[in-house]
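**Student:** Here's a structure for you.
The values are calculated or read from the model by the stated rules, or taken from the named source; none is laboratory data. What you are looking at is a predicted structure, and each value in this text was computed from that prediction instead of being measured. All Cβ positions, even for glycine, are placed from backbone atoms using ideal geometry, and neighbour counts span all protein chains on display. What goes into the accessible areas is simple: the full protein's heavy atoms, side chains included, and nothing from ligands, DNA or RNA. Shrake-Rupley method; radii C 1.70, N 1.55, O 1.52, S 1.80 Å.
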Amino acid sequence: MSEHTSPHTPIAVGDGAAIPHKNDAGLFTAWRIAFFGAIVLCLFLAFGRPDQYMAIFMFVPDGILVTFKVTIGAILLAIVFGLIAGLGRLSTNRFINGAASLYVEIIRGIPLLVQLFYIYYALGRFVKIPDIFSAIIAMAFCYGAYMAEIFRAGIQSIPKGQMEAALSLGMSRSQAMRQVILPQAFKVVLPPIGNEFIALLKDSSLVSILAVSDLLRRGREYASETFNYFETYTVIALIYLIMTLFFSKLISIMEERLNEGR
Amino acid sequence: MKAFRTLTSLVVVFAAMTLTAFAAPKSIKVATDATWPPMEMVDANKQIVGYDIDFLNAVAKEAGVTVEFKNTAWDGIFAGLDSGQYDAIISSVTITDERKAKYDFTDAYTSIGQILVVPKTDKTSKTIADLKGKKIGSQIGTTGAMEVKKVAGVESKTYDEIGLAFEDMAAGRISGVVCDEPVAAHFALQKKEYKEKFKIVGKAFTKEGYGIVVKKGNKELVDLLNKGIKSVKAKKLDAKIHTKWVK
C-alpha cells in the first residue's frame, strides 16, 4: 500500500495510559522506570516485609483473574457493539442511523457507575443474569458507544476514492466495505482501541460495587477485616499499574508490527 | 460612678458569656453507616435515625456532651477513625479480638447474633453449611461475612450495603444472606417487598456485643461514654429505645 492512499490519521479518544512508541524517548524511559520500579517494589514488599504484605499478595490472585475475565469479555463484546453501531452511524437508512446515534448519545450521557447499577439491580428485577455476565454486559454496553465513534471515525478516514474505485470494479457496497474499507480502517482504529482497552481495564475496578470479586473487591475485603488500608491499597495500585503498563507495551508492539507491513 | 457601673456590668456580662462558652457541652463527631436498619438508617427526611442514634444521644445527654453524626460508608469507616475525621463510631460494631487489637471499645451496650435469611422457596436449609456449593451474601468486613467465610464449600459474596445483598437474593443471584438479627428481621419480616419472598431460618448462631469504637488510647472518651452507658442502663432508657426500634 502506498503512503498517500492511507494517510495515518491519528484519532484522539479516551483516557487510556499513554502508549509508548520507540521514537518517544522520554515516555519510553518513563515506562521502563514505572514498570520495572513497580515490579521491584512488589518483590521488595512481598519478600522484604512478608509479615504485612505476603498475606495480601496471597489473598488477591483470584481477583486478578476476575478483573481479566471482565476486561477481556467486555472489550470483545464492546468491539462487536461498536462495529455494529459505528456502521449504523454511517448508514444511509434513516432508521438504522437514528437508532445507532441514539444508542451512542444515551450511553455516553450516563455515567458508567450508574449504568452498572442499572443493568445489575434495576434490570435484575426482570431478567436473571449471573453477576459476572451482567458486569461484562454493562461495561461492553458503555464502551461499545465509544467504540462506535472510533469505528465511525476510522471508516471515514479512508479516502472516498477507495470506495468509488471498489464500486467501479463491480463490487457491491457491502462487499467493498468488508474487503476494501474495513481492512484499512482496522489499522487506523487499532491505537484508539488499544487505549480503550487500557481504560476499560482500569474502569473494570468499578464492578467491585456489584459484589463481583475482582481485584479491588478482594483488596477491600482484606482491608476491611485487617484494617491494613495503606498496605492493601498500595499493593492493589501496584498490581493495576503493572497490568496497564504491560498491556500498553504489548499494544505498542502490535502497532509497530502492523506499521511494518505498510 | 454611672460609667463605672456600666463598665462593671459589661465586664460581668462578658465574663459570663465566656464562661458559658467554656462550660458549653463538648461536641463529639461520630460516624455511622446508615444502611443497617433498624439500627442506623436514613429516613424519608434524610435524617439519620435508628436504635444506635437514639441510644448514643441518650448516652451523650447523660455524659453531658452533644453528638454530631456523620454518615460514612462501612468499608473504610475504621480508616476514617484512624485519620481523625471523627472521634468515635457507633454503627452496630461487634466487639471482636481483631478489632480490639487496633481500636478501643466501650462496654457492650446490647447483644445480638448472626442469623441466616433464605428465600421462602428453600424448604430445607437451616444453617450456612446446608448451602454448600451456593453463594451467600453479607456486608463487606462484617462479622456476618467472617462467619460465611468460616464455612468451607460455601461461596462468600460481600456487598457494600446489606440492602444490596437482599436485592440480589430477590433477583435470584444468591441463595442466602447472613447479618445481625435485628437487621434480618427488618428486611425479612417487615419490608413489604421482601416479606413475601424471604424467611429467617434457625436461631442466631453467634453471641456478639455491640460497642462504641474510639481511637486506640482515647481513654478519656471511653470513660466518658462508659459513664453515660451505665447511667442510661441504670435508668432503663435502653429498654425503651429497644422497643421503639426492634420489634
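**Student:** Applying the Karplus parametrisation 6.51 cos²θ - 1.76 cosθ + 1.60 with θ = phi - 60° to the phi angles of segment A:40-52, what ³J(HN,Hα) value in whole Hz is obtained for each residue in order, glycine and proline being reported as x?
**Tutor:** 3J(HN,Hα) across segment A:40-52, in whole Hz: 4, 4, 4, 4, 4, 5, 5, 9, x, 10, x, 4, 8.
**Student:** Interface B/A, total buried accessible area with a 1.4 Å probe, nearest 100 Å²?
**Tutor:** On the way: alone 13160 and 14040 Å², together 25010 Å².
In total, this chain pair buries about 2200 Å².
**Student:** Output wanted: per-residue J couplings in Hz (rounded whole) for segment B:222-237, from phi through Karplus 6.51 cos²θ - 1.76 cosθ + 1.60, θ = phi - 60°, x for Gly and Pro.
**Tutor:** Per residue, the Karplus-derived 3J(HN,Hα) values read 4, 4, 4, 5, 4, 4, x, 4, 4, 5, 4, 5, 4, 7, 6, 5 Hz.
**Student:** Based on the Cβ-Cβ distance of A:M254 and A:D62, what FRET efficiency does E = 1/(1 + (r/R0)^6) give at R0 = 35 Å, to the nearest 0.05?
**Tutor:** Numbers: r = 28 Å, r/R0 = 0.81.
Between A:M254 and A:D62 the formula returns 0.80.
**Student:** Quick one: compute the contact order of segment B:149-240, relative version, from alpha carbon pairs under 8 angstrom and 6+ residues apart, as a percent.
**Tutor:** Numbers: 32 pairs, mean separation 10.7, N = 92.
Relative CO of segment B:149-240 lands at 12 percent.
**Student:** Moving on. Over the protein assembly as shown, give the accessible area per residue in Å² for a 1.4 Å probe, as an integer. Please report the intermediate quantities before stating the final value.
**Tutor:** Working: 25010 Å² over 509 residues.
For the protein assembly as shown, the solvent-accessible area averages 49 Å² per residue.
**Student:** Apply the Kirkwood formula to segment B:17-160: the hydrodynamic radius equals the inverse of the mean of 1/r over all pairs of different alpha-carbon atoms; give it in Å with one decimal. All intermediate terms of the calculation are to be shown ahead of the outcome.
**Tutor:** Values: mean 1/r = 0.0572 Å⁻¹.
Result for segment B:17-160, one decimal place: 17.5 Å.
**Student:** Going down the table (B:K126/B:K216; B:K207/B:K244; B:K157/B:K192; B:K150/B:K203; A:K202/B:K102), which pairs top 28 Å between alpha carbons?
**Tutor:** Numbers: B:K126/B:K216 39 Å; B:K207/B:K244 22 Å; B:K157/B:K192 25 Å; B:K150/B:K203 18 Å; A:K202/B:K102 32 Å.
Exceeds cut-off: B:K126/B:K216; A:K202/B:K102.
**Student:** Give the average over all directions of the projected area of the C-alpha convex hull of segment A:96-219, one decimal, in nm².
**Tutor:** On the way: hull surface 37.2 nm².
Over all viewing directions, segment A:96-219 projects a mean Cα-hull area of 9.3 nm².
**Student:** Another question, if that's okay. Rounded to the nearest percent, how much of the accessible area of segment B:68-196 (1.4 Å probe, protein heavy atoms only) is carbon and sulfur?
**Tutor:** Working: 2370 of 4910 Å².
In segment B:68-196, the share of accessible area belonging to carbon and sulfur is 48 percent.
**Student:** Taking the Cα atoms of segment A:161-228, report the difference between the largest and smallest coordinate on each principal axis, in whole Å and largest first.
**Tutor:** 70, 19, 11
**Student:** Now, a different point. Measure nothing fancy, just the Cα-based angle from helix A:61-90's long axis to the longest principal axis of chain A, in degrees from 0 to 90, nearest 10.
**Tutor:** 20 degrees
**Student:** Please report Rg (one decimal) and Dmax (integer) in Å for the Cα set of chain A.
**Tutor:** 21.3, 72
**Student:** Considering every pair of different Cα atoms, what Kirkwood radius, in Å, is found for segment A:42-132?
**Tutor:** Details: mean 1/r = 0.0595 Å⁻¹.
About 16.8 Å for segment A:42-132.
**Student:** Sticking with this structure for a sec: State the percentage of accessible surface on chain A attributable to carbon and sulfur atoms; use a 1.4 Å probe and exclude ligands, DNA and RNA.
**Tutor:** Values: 8820 of 12940 Å².
For chain A, the apolar C and S fraction of the accessible surface comes to 68 percent.
**Student:** To continue, here is another question. Roughly how big is chain A's charge dipole about its Cα centre, with Cβ charges of +1 (Lys, Arg) and -1 (Asp, Glu), in debye to the nearest 20?
**Tutor:** Numbers: 21 positive and 18 negative charges, 131 e Å.
Using only the charged Cβ atoms, the result is roughly 640 debye.
**Student:** Kindly state, as a whole number, the per residue volume in cubic angstrom of the convex hull around the alpha carbon atoms of chain B. Before the final figure, lay out each step's value.
**Tutor:** Details: hull volume 37.1 nm³, N = 247.
For chain B, the hull spanned by Cα atoms encloses 150 Å³ per residue.
**Student:** Are there any trypsin sites (Lys or Arg not before Pro) in segment A:126-186 that are in a DSSP loop and have at most 12 other Cβ atoms within 10 Å? List them by number. Please report the intermediate quantities before stating the final value.
**Tutor:** Working: sites: A:K128, A:R152, A:K160, A:R173, A:R178; in loops: A:K128.
Here the sparse-neighbourhood loop sites are A:K128.
**Student:** Can you list, bin by bin at 5 Å, the percent of alpha carbon pairs in segment A:86-142, starting at 0?
**Tutor:** For segment A:86-142, the pair-distance distribution reads 4, 19, 22, 17, 16, 14, 7, 1.
**Student:** Let me ask another. In degrees between 0 and 90, to the nearest 10, how far off the longest principal axis of chain A does helix A:215-226 point, with axes built from Cα atoms?
**Tutor:** Compared with the principal axis, the helix lies near 20 degrees.
**Student:** Now, a different point. Among A:L113, A:I198, A:I150, which residue has its Cα furthest toward the positive end of the charge dipole of chain A, with +1 on Lys/Arg Cβ and -1 on Asp/Glu Cβ?
**Tutor:** A:I150
**Student:** What Kirkwood hydrodynamic radius do you get for the protein assembly as shown when you take the inverse of the mean 1/r over all pairs of distinct Cα atoms, in Å?
**Tutor:** For the protein assembly as shown, inverting the mean 1/r across all distinct Cα pairs yields 26.9 Å.
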